[in-house]
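Q: First, the structure itself, so that you have it in front of you.
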Amino acid sequence: NTSGVALVSISDVIDSLMVIKKLIYEQNRLDFSTLLAALAADFEGYEEVARMIARVPKFGSGEEEPITMGRDIMDYCYDYYTAQENYRGGKYQPGYYSNSYHVGFGMLSGALPSGRKKGKSFTPGLSPAPGASDNMLDNMHAVASLDRFKMPLNLSFNIKLVPHPGDSHARTLDIFSGYVQSYFELGGMQWQCNMI
């Protein structure tokens, strides 16, 4: 009797709220009117604002504060949705996956406080935004640190691995299997990988 919602691009929400928290409330380096003007201009003419935003820790960067923000958001969503009754008497359940909606929704959306530009794709599922960290382990740790029991409708963590041109097939498989094993040892639940 359950029903569910697919919550698209939580890392865009986490990263946007981190920018507001850090730059507006904690550091007082930015105000809402300037941020709104930068978003309306798609950051054109607001390059310094974009540089400040780029320095704020993002989800998947290896920093703990964005993970804590993600947990708080997921707790809120879980409590809100599971409190709603559907027409069959069951409960709504949140899931974090996008089925490519992140592309279409991104095309229709303006710039975000996270630094994402107008019309660009949102992040898929639970995946950290590109550039959050150059270290795959940081991304894996962030996603695996979230409470999978607060995602009863499923989750999606998308990874793209590009083997080094000098690595042998055996070395590539060894690295790949090491990543998979590490992710699940960290407490991760689902992994969707594309090999390029």
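The values are calculated or read from the model by the stated rules, or taken from the named source; none is laboratory data. Note that the structure is a prediction, hence the values are computed from the model and not measured. Backbone-built Cβ (ideal geometry, glycine too); neighbour counts: all protein chains shown. To get the accessible areas, we keep the full protein, side chains included, count just its heavy atoms, and leave off ligands, DNA and RNA. Shrake-Rupley method; radii C 1.70, N 1.55, O 1.52, S 1.80 Å.
Q: Has segment 94-104 got at least one residue that is surrounded by fewer than 21 Cβ atoms within 10 Å (Cβ to Cβ), modelled with pLDDT of 90 or more and part of a strand (DSSP E or B)?
A: yes
Q: Restricting to segment 33-57, give me the number of residues that are more than 12 Å from Ser16 (Cα to Cα), in contact with a helix residue (DSSP H, G or I) (Cβ under 7 Å, 6 or more places away or on another chain), in contact (Cβ under 8 Å) with a residue 40 or more places away in the chain and aliphatic (A, V, I, L, M).
A: Matching residues across segment 33-57 total 1.
Q: Considering only segment 129-144, state which residues are polar (S, T, N, Q) and buried (at least 17 other Cβ atoms within 10 Å of the Cβ).
A: Correct list: Ser133, Asn139.
Q: If a residue must be among the acidic types (Asp, Glu) and open to solvent by 60 Å² or more (accessible area, probe 1.4 Å), how many such residues does segment 74-91 contain?
A: Matching residues across segment 74-91 total 2.
Q: With respect to the numbered conditions (1) within 24 Å of Leu23 (Cβ to Cβ); (2) in contact (Cβ under 8 Å) with a residue 40 or more places away in the chain, which one is the sole condition not fulfilled by Pro94?
A: For Pro94, the exception is condition (1).
Q: Being assigned to a helix (DSSP H, G or I) and within 19 Å of the chain's Cα centre (by Cα) is true for just one of Glu65, Glu48. Which residue is that?
A: Only one candidate qualifies: Glu65.
Q: Can you tell me which residues in segment 3-42 are open to solvent by 80 Å² or more (accessible area, probe 1.4 Å) and closer than 24 Å to Pro152 by Cα?
A: None; the set is empty.
Q: Go through the residues of segment 78-86 one by one and say whether even a single one is closer than 17 Å to Val8 by Cβ and in contact (Cβ under 8 Å) with a residue 60 or more places away in the chain.
A: Yes, segment 78-86 contains at least one residue that is closer than 17 Å to Val8 by Cβ and in contact (Cβ under 8 Å) with a residue 60 or more places away in the chain.
Q: Those residues that are open to solvent by less than 30 Å² (accessible area, probe 1.4 Å) and at pLDDT below 95, I need them from segment 105-123; list them, please.
A: Gly106, Thr123, listed by residue number.
Q: Can you spot a residue in segment 3-11 that is touching a strand residue (DSSP E or B) at 6+ places or on another chain (Cβ under 7 Å), part of a loop (DSSP other than H, G, I, E, B) and under 20 Å from Phe122 (Cβ atoms)?
A: Looking through segment 3-11, at least one residue is touching a strand residue (DSSP E or B) at 6+ places or on another chain (Cβ under 7 Å), part of a loop (DSSP other than H, G, I, E, B) and under 20 Å from Phe122 (Cβ atoms).
Q: Checking Asp134 against (1) under 21 Å from Glu65 (Cα atoms); (2) among the acidic types (Asp, Glu); (3) at pLDDT 90 or above, which test does it fail?
A: Only one criterion is unmet by Asp134, namely (3).
Q: Look at His141 and say whether it is outside any loop (DSSP other than H, G, I, E, B) and touching a Ser or Thr at 6+ places or on another chain (Cβ under 7 Å).
A: No: the conditions fail for His141.
Q: Any chance you could count how many residues in segment 148-190 are open to solvent by less than 70 Å² (accessible area, probe 1.4 Å), under 18 Å from Ile67 (Cα atoms) and part of a loop (DSSP other than H, G, I, E, B)?
A: Result for segment 148-190: 6.
Q: If you don't mind, another one. Would you call Val19 out of contact with any Gly (no Cβ under 6 Å at 6 or more places or on another chain), within 20 Å of His102 (Cβ to Cβ) and outside any helix (DSSP H, G or I)?
A: no
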